[in-house]
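Chemist: Can you read through this structure? Questions will come right after.
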Amino acid sequence: MTTRDELLIHLEEAAGNWVSCESLCDKLGVSRSTVLKHISRLKDDGYAIESVPDKGYVLRESFDLLVPRKIREGLQTEVFGKKDIIYFTEIDSTNLKAKGLAASGAPEGTIVISEKQAKGRGRKTRGWFSPPRDGIYLSLILRPNIAPRSAPSMTLLTAVAIAETLLSVPGLEIAIKWPNDILARGKKLAGILTEMSTTGERIDYAVVGLGLNVNTARFPDEIKDRATSILIETGQRVRRGTLAKEYLKWHEEYYGVFQRIGFEPIRKRWKELTNIMGQQVTVETIDREYTGEVQDIDDGGALILRDETGGYQRVIFGDVTLR
Ligand code: BTN
């Protein structure tokens, strides 16, 4: 962990009490000037820290952060988030970090979470807009005992877990769009980036990255017509820690169902939560475009379309637009 992040965690753990500069120097093993430099940068970055000579520093307790302590408090899981929670105030991409950790043996259930991403990554070569403390940028390390060809079902399972989480937000209407988007009024509220490493017919690890727009008030011009947040949809700010914990709970629950029973119950729930069943769609894949009516998803998570000639097409991956 960086000194900056460790310092913030010490302030947060003081739960609204003053922390002296000396104790921070001791705990972090750094000089007074280093503490002062980090405090000043954190304040510049909008962290609600007050400083008073002789007393030291205090972080406003109500300040909504995704620090490990807040995630652990009341977390209703057995594995997800119960092992390591790797926290950053800023990072390039939580998925990149999680992949590095998974490659060095981090166990299933490890999560990487950041308040901000400098290079949040989306599918294909897209980015993910990740402004500080507005969204949830969380990557989960999994070690599923499935063949790589069943990996798309991991993404669909995650979409169901996110949708279940969001159903509890009053005034929010959501739908899953195949394969990995959660939409509200047709705009993107959340995205999933699943990345994995395989050896032959085995998945070594999968990293499932969730980007959820929670309290974002506005988006850059290039995406403002396509993106939305819970704040924009409902007019209400939501505490990100509560949502992150709900998501981990739902994800672990469906992951358990998947391992015990298989994909079928998830497929059934996915179909209830999507708005594309029976719709005429176009799916753009790397090498071609498919059009047709959505009939189903199969047991590997692929989309089944019926085209104008009555023929069936199976599409594994692509971008869907309603026609
Ligand atoms: C998409 O819809 O294209 C997927 C977006 C996934 C974004 C999340 S944010 C946390 C994790 N880290 C990343 O760099 N990307 C994912």
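The values are calculated or read from the model by the stated rules, or taken from the named source; none is laboratory data. The structure displayed is predicted, hence computed values, not measured ones. Cβ: placed from backbone, ideal geometry, glycine included. Neighbour counts: every protein chain shown. With ligands, DNA and RNA removed, areas are computed over all heavy atoms of the protein, side chains included. Shrake-Rupley method; radii C 1.70, N 1.55, O 1.52, S 1.80 Å.
Chemist: Is region 162-173 home to any residue that is of a type in the set (D, E, K, R) and under 24 Å from Gly318 (Cβ atoms)?
Modeler: no
Chemist: To continue, here is another question. Would region 70-90 turn up any residue that is among the hydroxyl-bearing types (Ser, Thr, Tyr), under 22 Å from Asp181 (Cβ atoms) and within 15 Å of the ligand (Cβ to nearest atom)?
Modeler: no
Chemist: Residues that are more than 26 Å from Met196 (Cβ to Cβ) and free of Cβ contacts under 8 Å to residues at least 60 places away in the same chain, at least 2 per element: which strands (runs of 3 or more DSSP E) completely within region 1-117 meet that?
Modeler: Those strands (runs of 3 or more DSSP E) span 49-52, 56-59.
Chemist: Please state which of the following conditions Met154 fails to meet, knowing it meets all the rest: (1) modelled with pLDDT under 95; (2) part of a helix (DSSP H, G or I); (3) of a type outside the set (Asp, Glu); (4) within 12 Å of the ligand (Cβ to nearest atom).
Modeler: In the conditions (1) modelled with pLDDT under 95; (2) part of a helix (DSSP H, G or I); (3) of a type outside the set (Asp, Glu); (4) within 12 Å of the ligand (Cβ to nearest atom), Met154 misses (4) alone.
Chemist: Right, here's the next one. Looking at region 96-112, is at least one residue at pLDDT 95 or above, acidic (Asp, Glu) and open to solvent by less than 30 Å² (accessible area, probe 1.4 Å)?
Modeler: Looking through region 96-112, none of the residues is at pLDDT 95 or above, acidic (Asp, Glu) and open to solvent by less than 30 Å² (accessible area, probe 1.4 Å).
Chemist: Hey, another quick one. Being within 31 Å of the chain's Cα centre (by Cα) and aliphatic (A, V, I, L, M) is the filter here; which residues of region 8-23 pass it?
Modeler: If the condition is that a residue be within 31 Å of the chain's Cα centre (by Cα) and aliphatic (A, V, I, L, M), then Leu8, Ile9, Leu11, Ala14, Ala15 are the ones that fit.
Chemist: Let me ask another. Hey, does region 89-100 have a residue that's more than 26 Å from Glu222 (Cα to Cα) and small (Gly, Ala, Ser)?
Modeler: Within region 89-100 (the criterion being more than 26 Å from Glu222 (Cα to Cα) and small (Gly, Ala, Ser)), the answer is yes, since at least one residue qualifies.
Chemist: Tell me, yes or no, whether region 274-287 has at least one residue that is under 29 Å from Val112 (Cβ atoms) and under 22 Å from the mean Cα position of the chain (by Cα).
Modeler: Within region 274-287 (the criterion being under 29 Å from Val112 (Cβ atoms) and under 22 Å from the mean Cα position of the chain (by Cα)), the answer is yes, since at least one residue qualifies.
Chemist: Restricting to region 286-312, name every residue that is among the polar types (S, T, N, Q) and either within 22 Å of Glu264 (Cβ to Cβ) or not in a strand (DSSP E or B) (or both).
Modeler: Gln295, Thr309
Chemist: Scan Thr274, Thr291 and give me the residue that is in contact with a strand residue (DSSP E or B) (Cβ under 6 Å, 6 or more places away or on another chain), open to solvent by 10 Å² or more (accessible area, probe 1.4 Å) and touching a residue at least 60 places away in the same chain (Cβ under 8 Å).
Modeler: Thr274
Chemist: Out of all the residues in region 162-176, is one or more under 23 Å from Tyr205 (Cβ atoms) and surrounded by 20 or more Cβ atoms within 10 Å (Cβ to Cβ)?
Modeler: Within region 162-176 (the criterion being under 23 Å from Tyr205 (Cβ atoms) and surrounded by 20 or more Cβ atoms within 10 Å (Cβ to Cβ)), the answer is yes, since at least one residue qualifies.
Chemist: So, one more: Could you say which residue among Val52, Val30, Val58 is exposed (fewer than 12 other Cβ atoms within 10 Å of the Cβ) and either within 16 Å of the ligand (Cβ to nearest atom) or over 19 Å from Val208 (Cβ atoms) (or both)?
Modeler: The unique qualifying residue is Val52.
Chemist: Still on this structure, I have one more. Quick one: in region 115-126, of everything that is near the ligand (Cβ under 8 Å from one of its atoms) and within 15 Å of the chain's Cα centre (by Cα), which residue is surrounded by the fewest Cβ atoms within 10 Å (Cβ to Cβ)?
Modeler: Lys119
Chemist: Let me ask you something else. I'd like the full set of residues that are more than 16 Å from the ligand (Cβ to nearest atom) and either assigned to a helix (DSSP H, G or I) or aromatic (Phe, Trp, Tyr) (or both), limited to region 161-200.
Modeler: Passing the criteria: Glu164, Leu167.
Here's the yes/no breakdown for (1) assigned to a strand (DSSP E or B); (2) within 24 Å of Phe129 (Cβ to Cβ); (3) open to solvent by 20 Å² or more (accessible area, probe 1.4 Å):
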residue	(1), (2), (3)
Ala217	no, yes, yes
Pro220	no, yes, yes
Val238	no, yes, yes
Thr242	no, yes, yes
Lys249	no, no, yes
Tyr255	no, no, no
Gln259	no, no, yes
Arg269	no, no, yes
Gly278	no, no, yes
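Chemist: Residues that are of a type in the set (D, E, K, R), closer than 19 Å to Arg123 by Cβ, open to solvent by 20 Å² or more (accessible area, probe 1.4 Å) and assigned to a loop (DSSP other than H, G, I, E, B): does region 314-322 have at least one?
Modeler: There is no residue in region 314-322 that is of a type in the set (D, E, K, R), closer than 19 Å to Arg123 by Cβ, open to solvent by 20 Å² or more (accessible area, probe 1.4 Å) and assigned to a loop (DSSP other than H, G, I, E, B).
Chemist: Can you find, within region 144-159, the residue that is least open to solvent (accessible area, probe 1.4 Å) among those that are within 14 Å of the chain's Cα centre (by Cα) and β-branched (Val, Ile, Thr)?
Modeler: Thr158
Chemist: Further question on the same structure: Can Ile141 be described as touching a residue at least 40 places away in the same chain (Cβ under 8 Å), open to solvent by less than 30 Å² (accessible area, probe 1.4 Å) and either part of a loop (DSSP other than H, G, I, E, B) or within 25 Å of Ile91 (Cβ to Cβ) (or both)?
Modeler: yes
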